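See below for the structure under consideration.
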Amino acid sequence: MAEKTTLYSPDQRSEIQEGKKKGLNTTVYEDPAYLPVQMREIRLALESGLDVSALRNPALDWLQMEEIRLGLQSKVDIKSYADPKIPYQYMRQIRKGLEAGIDVTGFLIYPAPIVRQIRKARRDGVDIMKYVEEGYESDQLEQIRISLARNVEIDKYLAPNYSAPSIEEFRLGLERGIDVSLYAKPEYEWRQMREIRLGLEKRIDISIYSNYLFLAPQMKEIRLGLEDGLDVSSYAKQRFSAMDMKEKRLALKEAAAHAREVASSASVAMDFGALEQLIEEVPFAEQEKPFKIVLSPDGMEAYLSISDKENRPCEEDVLKEVWNCKIRKGIMRSEIRNATDGSYEEDTILIAVGKNAINGKDGWYEYFFNTEINKKPKLNEDGSVNYKDIEWYDAVKKGDKIAFYHKAEDGVDGYDVEGNVLKSVKGRELTVLSGSGFVLDRDKCTYYAKTDGMVRLNGDKLEVDEMLEVEEINASIGNIVFDGSVHVRGDVGGNVLIKAGKDILIDGFVEGAELDAEGDIILRRGMNGDDKGKIRARGNVTAKFLESADVYAGGYINIDYSMNSTLYAEKMVEAKLRTGSIAGGTCTGVKGINAQNIGTKAGIKTHIKAGISEALLKINSDTYKEYSAAKEELRILVNMRKELETKFTPAQLAAQPVYEKVQNSIFSKSKTAEKLGAQLEEIKVQLMEIERASVYAKGTVYDGTRIQIGNASWVPAKELSDITLKKMRKGSEEKVFAFHNNRDPKDPDAIIE
């Protein structure tokens, strides 16, 4: 045995030792013919309790073994691909297809990346075979597949000579409702197409830069200038490089910002003190003249100052001096005449005024529905909560006008008294609205609903979702599964399922039903679940009451009161209004809990949890395992590469298929490890944020309550009112401390340990 052991490399011995340590039957892979990574795949399969007979073939490379192992874990029939003659790239597509109930074995005549797109197309319920047969490459097919899945009519813009990024630009433009034909031309490369698309989305005049002789970076600088309302004619020329254009654009932008600042403040006459000082500083043009002309520093005003009121100048002399001082605009002849003929007693008179530039008005959207719906219950004057009148949506009918865009307006140029033009700035245009369920009219400004449904606005995303309205739901009616939103005007009985691709709104009472929504769930009255009711919302859950219910929200849970329920919110649980109460059961708010009262006078057991996310901890654990596995496999692969490079010359390595596979695997695993490492860092930040969670009770925390923040717990020794609970470290131990909200935090008596 000792002699055989010497045949193994250190990494092979490590895999055998690891298997024995875990009580596995390592004899099935104790063979020097297996590479360390092949041994590893068999070991991982044994750890999962899988039948490894299909993996015990040294002719399979480790990538093929991995696909067979993953197939065994998914319990799919691996017989269709567990063959050394099938490259792992095809194995992967067959395996993923089988996992989704899709058979792609009939398409193996195509390259593996194309088989991948065929599999995804079948998953999405679209047919791309027409485009496959026309010779489109896999990356082109990906954009076509996405277009078909999103009902984007892209066909008339397609040609095999368009690159995948170009086809993506067509898709993005069509999704925004812009005129793609303006850039769907062979003379443009995809970066130029992108600049034209972005300009169309910003509603600017793309004709200024849509000449294909402009390079994409030049187009970008012109586009950015137009978006800022600048006059780009001075630099929108092919002879300028993109860097030169950028310098000129930034200079124009700075000047425009100054113009906005000047235009935003009304022109006012100089204060008397500053004017007197300026008059003293400015010498007479000619000593024998009893007057002089003084210009304000900004050139917007000119004053006539007469030194001897008994010897006033004539109007003609003043006009000559005005001309000599290069004053050309805003001259007030009547003021000069009154100053020279003695009508005015003053010795300093304003005789010319410039005109400020008036900047254009920015573009703006007018909406024909309520955009401020917050889906939260209203507070009555007596402190109770009105769930009946919760605003949830605005309903629209097909063809209804839902939005109109008012285009930005040009500004009006101004001038100073010397006649210099003060350029105005055109108003900024807003981006074309994205979203779904609407059509954009030919004027590119008017938006109409494409279907009956509910309309909502989120940023610049406009959506009209299909909505199913029913009077009531009970066991005799049966379950409802709908891609859009569901509105039940009456009650929902027990033992029924409502599953919605968007939101669920129920006006009446809910019994032991199951509600599942990708969006929000709103119960105007509430649920008495009788330990059967379940609510699952990827968004928020809002209800008047929840009794004996199991509730999960990917966002917030907002309630009046909860009794003997299991509540879990990835953000916060709020029962903070005057009647707010959480009594009995378990209530978890990952980022905290805000309630009026917790528990009851009767001492019902109530478990409150915050500062801990079971889902995020599982994701963290799973991601760390994947990261560790990727790093370990990467280490083995690097060692294999070193070993091969030691055994063979560079010329010999070039003829070794395994060396190329090792190189490709190292690159792939490095990228995987890098991605997983970044995910772990993001999760770490989220966990740190969760650590700061707190529990706030404005009313009373009763006996029988247990409050857990993270891994630390706190049980009140008596009833306490108006307190906040936080987790803090005391020495080497983390503890939950309660603080009186109505006392100074620095007061030692404010802390209740």
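The values are calculated or read from the model by the stated rules, or taken from the named source; none is laboratory data. What you see is a predicted model; the values in this text were computed from it and never measured. Quick reminder, even Gly has a Cβ in these numbers, built from the backbone with ideal geometry, and neighbours come from all protein chains shown.
Can you work out which of the residues in segment 528-546 that are in a strand (DSSP E or B) and of a type in the set (K, R) is nearest to L497 (Cα to Cα)? Don't jump to the end; show me each part of the working.
Of all residues in segment 528-546, those in a strand (DSSP E or B) come to 528-537, 541-546.
From what is left, the residues that are of a type in the set (K, R) are 532, 534, 536, 544.
Details: K532: 12, K534: 9, R536: 11, K544: 20 Å.
Top of the filtered list is K534.
Within segment 79-86, can one find any residue that is buried (at least 23 other Cβ atoms within 10 Å of the Cβ), modelled with pLDDT of 95 or more and either in the same structural domain as S668 (by TED's automatic domain parsing) or farther than 26 Å from S147 by Cβ (or both)?
Filtering segment 79-86 for residues buried (at least 23 other Cβ atoms within 10 Å of the Cβ) gives 81.
Now drop any that are not modelled with pLDDT of 95 or more, which leaves 81.
Adding the requirement that they be either in the same structural domain as S668 (by TED's automatic domain parsing) or farther than 26 Å from S147 by Cβ (or both) leaves 81.
Yes; the residues of segment 79-86 include at least one that is buried (at least 23 other Cβ atoms within 10 Å of the Cβ), modelled with pLDDT of 95 or more and either in the same structural domain as S668 (by TED's automatic domain parsing) or farther than 26 Å from S147 by Cβ (or both).
Would you pick out the residues in segment 46-78 that are among the small types (G, A, S) and under 39 Å from the mean Cα position of the chain (by Cα)? Talk me through it step by step, then tell me what you get.
Looking only at segment 46-78, we keep the residues that are among the small types (G, A, S), and these are 48-49, 53-54, 59, 71, 74.
Listed by number, the residues that qualify are S48, G71, S74.
Can you name the residue in segment 645-663 that is in contact with a helix residue (DSSP H, G or I) (Cβ under 6 Å, 6 or more places away or on another chain) and within 22 Å of E66 (Cα to Cα) and, of all such residues, is surrounded by the fewest Cβ atoms within 10 Å (Cβ to Cβ)?
Going residue by residue through segment 645-663, those that are in contact with a helix residue (DSSP H, G or I) (Cβ under 6 Å, 6 or more places away or on another chain) are 653, 659, 662.
From what's left, within 22 Å of E66 (Cα to Cα): 659, 662.
Numbers: Y659: 17, V662: 25.
That would be Y659.
Quick one: in segment 194-210, of everything that is over 24 Å from the mean Cα position of the chain (by Cα) and at pLDDT 95 or above, which residue is farthest from D410 (Cα to Cα)?
We begin by selecting, within segment 194-210, every residue over 24 Å from the mean Cα position of the chain (by Cα); these are 204-210.
From what is left, the residues that are at pLDDT 95 or above are 206-210.
On the way: I206: 17, S207: 18, I208: 17, Y209: 20, S210: 22 Å.
Applying the filter and picking the extreme gives S210.
Collect the residues in segment 478-506 that are free of Cβ contacts under 8 Å to residues at least 24 places away in the same chain, within 16 Å of R525 (Cα to Cα) and not in a strand (DSSP E or B), keeping them in residue-number order.
Across segment 478-506, the qualifying residues are R489, G490, D491, G493.
Could you tell me whether A629 is small (G, A, S), in a helix (DSSP H, G or I) and surrounded by 14 or more Cβ atoms within 10 Å (Cβ to Cβ)?
Yes.
Would you confirm whether any residue within segment 258-269 is under 30 Å from E195 (Cα atoms), of a type in the set (A, V, I, L, M, F, W, C) and either modelled with pLDDT of 60 or more or surrounded by fewer than 17 Cβ atoms within 10 Å (Cβ to Cβ) (or both)?
Yes, the conditions are met somewhere in segment 258-269.
Going by the structure shown, is A717 surrounded by fewer than 19 Cβ atoms within 10 Å (Cβ to Cβ) and in the same structural domain as A583 (by TED's automatic domain parsing)? I'd like the intermediate steps shown before the answer.
Numbers: surrounded by fewer than 19 Cβ atoms within 10 Å (Cβ to Cβ): yes; in the same structural domain as A583 (by TED's automatic domain parsing): yes.
For A717, the condition - surrounded by fewer than 19 Cβ atoms within 10 Å (Cβ to Cβ) and in the same structural domain as A583 (by TED's automatic domain parsing) - is met.
Which residues, counting only those in segment 691-730, are more than 17 Å from G580 (Cα to Cα), among the aliphatic types (A, V, I, L, M), in a strand (DSSP E or B) and within 32 Å of the chain's Cα centre (by Cα)?
I709
Rundown of residues vs (1) closer than 24 Å to E626 by Cα; (2) in contact with a Pro (Cβ under 7 Å, 6 or more places away or on another chain); (3) at pLDDT 95 or above, yes/no style:
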residue: P58; (1), (2), (3): no, no, no
residue: M91; (1), (2), (3): yes, no, yes
residue: V115; (1), (2), (3): no, no, yes
residue: K120; (1), (2), (3): no, no, yes
residue: M129; (1), (2), (3): no, no, yes
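Spot the failing condition for E175; the list is (1) in contact (Cβ under 8 Å) with a residue 40 or more places away in the chain; (2) among the acidic types (D, E); (3) closer than 26 Å to L44 by Cβ, and only one is missed.
(3)
Taking V294 as meeting all but one of (1) among the hydrophobic types (A, V, I, L, M, F, W, C); (2) out of contact with any helix residue (DSSP H, G or I) (no Cβ under 6 Å at 6 or more places or on another chain); (3) at pLDDT below 90, write down the number of the exception.
Of everything listed in (1) among the hydrophobic types (A, V, I, L, M, F, W, C); (2) out of contact with any helix residue (DSSP H, G or I) (no Cβ under 6 Å at 6 or more places or on another chain); (3) at pLDDT below 90, V294 misses just condition (2).
Residues that are over 17 Å from E514 (Cα atoms), part of a strand (DSSP E or B) and within 24 Å of the chain's Cα centre (by Cα): does segment 582-600 have at least one?
To start, the set of residues in segment 582-600 that are over 17 Å from E514 (Cα atoms) comprises 582-600.
Subset that is part of a strand (DSSP E or B): 582-589, 592-595, 597-598.
Narrowing the set further to residues that are within 24 Å of the chain's Cα centre (by Cα) leaves 589, 592.
Within segment 582-600, one or more residues are over 17 Å from E514 (Cα atoms), part of a strand (DSSP E or B) and within 24 Å of the chain's Cα centre (by Cα).
With respect to R328, determine if the residue is touching a helix residue (DSSP H, G or I) at 6+ places or on another chain (Cβ under 6 Å), at pLDDT 90 or above and outside the structural domain of V425 (by TED's automatic domain parsing).
On the way: touching a helix residue (DSSP H, G or I) at 6+ places or on another chain (Cβ under 6 Å): no; at pLDDT 90 or above: yes; outside the structural domain of V425 (by TED's automatic domain parsing): yes.
It is false that R328 is touching a helix residue (DSSP H, G or I) at 6+ places or on another chain (Cβ under 6 Å), at pLDDT 90 or above and outside the structural domain of V425 (by TED's automatic domain parsing).
Given (1) closer than 26 Å to D11 by Cβ; (2) touching a residue at least 40 places away in the same chain (Cβ under 8 Å); (3) of a type in the set (G, A, S), where does S670 come up short, assuming only one miss?
Here S670 meets the rest and fails (2).
Do any residues in segment 206-223 that are without any contact (Cβ under 8 Å) to a residue 12 or more places away in the chain have Cβ atoms under 9 Å from those of residues that are of a type outside the set (D, E, K, R) and part of a loop (DSSP other than H, G, I, E, B), where the two are at least six apart or on different chains, and which pairs are they?
The qualifying pairs do not exist here.
Inside segment 23-37, can you point out the residues that are on the phi < 0 side of the Ramachandran plot, exposed (fewer than 11 other Cβ atoms within 10 Å of the Cβ) and in a loop (DSSP other than H, G, I, E, B)? Outline the logic, then answer.
Residues of segment 23-37 on the phi < 0 side of the Ramachandran plot: 24-37.
Pick out the ones that are also exposed (fewer than 11 other Cβ atoms within 10 Å of the Cβ) and you get 27, 33.
A33, the sole residue that qualifies.
Return yes or no: is K591 without any contact (Cβ under 8 Å) to a residue 12 or more places away in the chain and under 30 Å from L680 (Cα atoms)?
Details: without any contact (Cβ under 8 Å) to a residue 12 or more places away in the chain: no; under 30 Å from L680 (Cα atoms): yes.
Criteria not met by K591.
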